[in-house]
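The values are calculated or read from the model by the stated rules, or taken from the named source; none is laboratory data. Please read all numbers here as calculations on a predicted model, not as lab measurements. Reconstructed Cβ throughout: ideal geometry from the backbone, glycine too, with neighbour counts over all protein chains shown. The protein model used for the area step is the full one, side chains on, heavy atoms only, and it has no ligands, DNA or RNA in it. Shrake-Rupley method; radii C 1.70, N 1.55, O 1.52, S 1.80 Å.
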Amino acid sequence: MLGFAVRRLALALAVALAVSAASFVLLRLSGDVAAAIAGEGARAEDIAFVRKAYGLDRPLIVQYAEWLGNTLRGDLGTSLYFKTDVSALVADKLPVTLILGLSSVLFALAVSLPLGILAAIFPNTWIDRLCLALAVLGQALPNFFFALCLILLFSISLRWLPVSGTGTWLHFVMPTIALGYYVAPAFMRLIRAGMIETLAADYVRTARASGLSPASVVFKHALRNALIPVVALAAVQLGFLLGGSIVIETIFALDGLGYLAYQSITYKDFPTTQAVVLLLSVVYIFLTFTADIVNAWLDPRLRVA
Amino acid sequence: MDAALPTHAAMLRGRIFGHVGLMTGIAILVVAFACAIFAPLLAPHDPYFQDLAARLVPPVWQPRGTWLHPLGTDNLGRDYLSRTIYGARVSLLIGFSVMLVSGLIGTTMGLAAGYFGGRTDMAVSFIVTARLAMPVVLVALAVVALVGGSLVVVIAVLGLLKWDRFAVVMRAATQQARAQDYVAAAKATGASTLRVLLGEVLPNILPQLVVVATLEMASAILLEAALSFLGLGVQPPLPSWGLMISEAKAYMFFSFWMIAIPGTALGLLVLAINLVGDGIRDVAAPEGRA
């Protein structure tokens, strides 16, 4: 188990290094940092001066090494737009996005668990078909359009929730729904398939034959085992949601990493964009690493590779 | 031969035509394709023509609506029906092009990893893991914004970023196909590696490839719409459904139809593509029906 964990950790670190290099090069090749620092309407010689002064004329690999060194020391540079320390800026916004990501996964589970269990208990009936139809419809609904519909319903018509902002937990309700519903279908399909499999397993038949109540069989015996793959999926989906929160956070002006990323992209604020991309990648790598370890701990057969 | 037994082809036909989801998906797709191809014939007006005297005309079912503009006009007086019809072009073009680019990259990687195994497999798996760790929406937004949003840039960026699912699925499918007798037989007859891969392996994993291709096409269409909605994808005045929703956002409180029409079109197209993908999976492997 320890050997497996060490190998996985080494792989995670290698992936983090590769992703940081790839995103650094990608962003640098897409735009001119010197022009962004010099600002709008700068003359060519101003940009050339900035390029020299900031060392942006050196080879990309040298600049990457310098950026990586600074990053490892916790120095993410200074924001070109907000004019503050990027590390502090990012640390300030991270909790909002983490809360949003976690609550969205929980919302998705709260929707998909009952539907997935119902569909598995009554396979190939109208209940099952209704659940599958909901999943197919959910996957086709564009999340930004759904978010606007939520605003119209809950903020404008019913006046229950604030349109945008970050102040209270009420500000998180609509973003959570708009972000979470999109991953619910994947959870539902997995829970349904897992439940159908475990409900047909020998130990469940034994439990039934020994006269346990149906509820006890479903929830205590079948569900527990059907949930193992869901844990892994939840970790991966949380990573996706954090990366995808940029659209939803921007619509609701929820002041997290996604909104920060949107602002930094529109203002060509390279250090901030770079930092958010790196941070979200690292969080994703950490989540999948943890899921691998938890799964290997739950199921020793996975401890190869 | 017992004449009462249905042939394989007849059974396949039965499965295809008996599949409600697949048929619904195909029907919607046919309409969408017709809109995209025959847009100049179907659209009642020029989608770019601004009639500033007829701005924000509501659709025909509302009190001030007129048959001249069945779905109304936008804030610049452009005919909404015409823009919606032309929007199918943008979405389908993006979906297909991104699917082709990412499909080519991902399938090549997956085939190589699954067939050769060993170091090739390790290298491809590492690249896929690294790609999955990148926040794709964020990176795509940043690159498109920095390079400058246009149809070609959006297609290139999404195509170069979204090959991961192709690689993962094709790798697993190739690993399974590699162990089959027909691959060993082709090798024994002296066929070259490329011939075995393209002539034997690829045709046998085609159903899986088609399913991933539909999923990726739908996802590319949604991503383009989201990018354009944020103002960082294709640029106005192109009639992209995402862009139309973005432009109508300021009017949605009084004119819900302005976001509802492109939103519904987008949802229906994605729904149809997903239905076709699910349908092909069911028809190709009825025993594995989920």
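Some notes on this structure:
- Within the range B:250-264, backbone nitrogen closer than 17 Å to the virtual label 7 Å beyond the Cα of A:Arg159 toward Cβ: B:253-254
- Annotation: amide H-H contacts under 5 Å for B:Val57 (H modelled 1.01 Å from N, sequence separation of 5 or more, or interchain): B:Thr73.
- Once the Cα-Cα distance is subtracted from the 0.36 nm per residue extended length, the B:Thr193 to B:Val31 segment shows a gain of 54.1 nm.
- Using the rule -39500 (n - 2.57) for each DSSP H run of four or more residues, divided by the residues of chain B, the 222 nm mean residue ellipticity is -22000 deg cm²/dmol.
- Counting only Cβ charges, +1 for Lys and Arg and -1 for Asp and Glu, the dipole size of the protein assembly as shown around its Cα centre is about 900 debye.
- Accessible surface buried upon A-B contact (total; probe 1.4 Å; Å², nearest 100): 3500 Å²
- Converting phi to 3J(HN,Hα) with the Karplus coefficients 6.51, -1.76 and 1.60 and the offset θ = phi - 60°, the range B:80-89 yields 6, 4, 4, 5, 5, 5, 5, x, 4, 4 Hz in sequence order, with x at every glycine or proline.
- 3J(HN,Hα) along the range B:234-243: 5, 9, x, x, 4, x, 9, 4, x, 5 Hz, from the Karplus curve 6.51 cos²θ - 1.76 cosθ + 1.60 with θ = phi - 60°, whole Hz, x for Gly and Pro.
- The relative contact order of chain A comes to 26 percent, based on Cα pairs under 8 Å that sit 6 or more residues apart.
- Label-point separation in nm, B:His8 to A:Arg73, each point 7 Å along Cα→Cβ: 6.8 nm
- Computed over the alpha-carbon atoms, the range A:91-267 gives an Rg to Rh ratio of 1.07, Rh here being the Kirkwood radius from the mean inverse distance.
- Taking amide H positions as modeled 1.01 Å from N, with prolines and chain starts lacking one, no residue 5 or more places away or on another chain lies under 5 Å from A:Tyr181.
- Normalising the average separation of contacting C-alpha pairs (under 8 angstrom, six or more residues apart) by the number of residues puts the relative contact order of chain B at 23 percent.
- The HN-Hα couplings worked out from phi for the range A:112-117 by the Karplus form 6.51 cos²θ - 1.76 cosθ + 1.60 (θ = phi - 60°) are 7, 4, x, 5, x, 5 Hz, whole numbers, x standing for Gly and Pro.
- For the range A:139-193 versus the range B:85-100, the spacing of their alpha-carbon centroids is 27 Å.
- Residue-averaged 222 nm ellipticity for chain A, from DSSP H runs of 4+ at -39500 (n - 2.57), nearest 500: -23500 deg cm²/dmol
- Only protein atoms count toward the accessible area here, which uses a 1.4 Å probe; on the range A:91-267, the carbon and sulfur part of that area reaches 70 percent.
- Just checking the listed ones, B:Gly14, B:Gly25, B:Gly114: in the Gaussian network model of chain B with Cα springs under 10 Å, the one fluctuating most is B:Gly14.
- Highest-MSF residue in chain A out of A:Gly101, A:Gly194, A:Gly211 [GNM, Cα springs under 10 Å]: A:Gly211
- Distance from the range B:29-55 to the range A:217-266 (C-alpha centre basis), Å: 38 Å
- Whole-Å distance, taken between Cα centres, linking the range B:222-290 and the range A:275-305: 32 Å
- Two-site label geometry, B:Ala284 and B:Asn75: point separation in nm, points 7 Å out along Cα→Cβ: 4.5 nm
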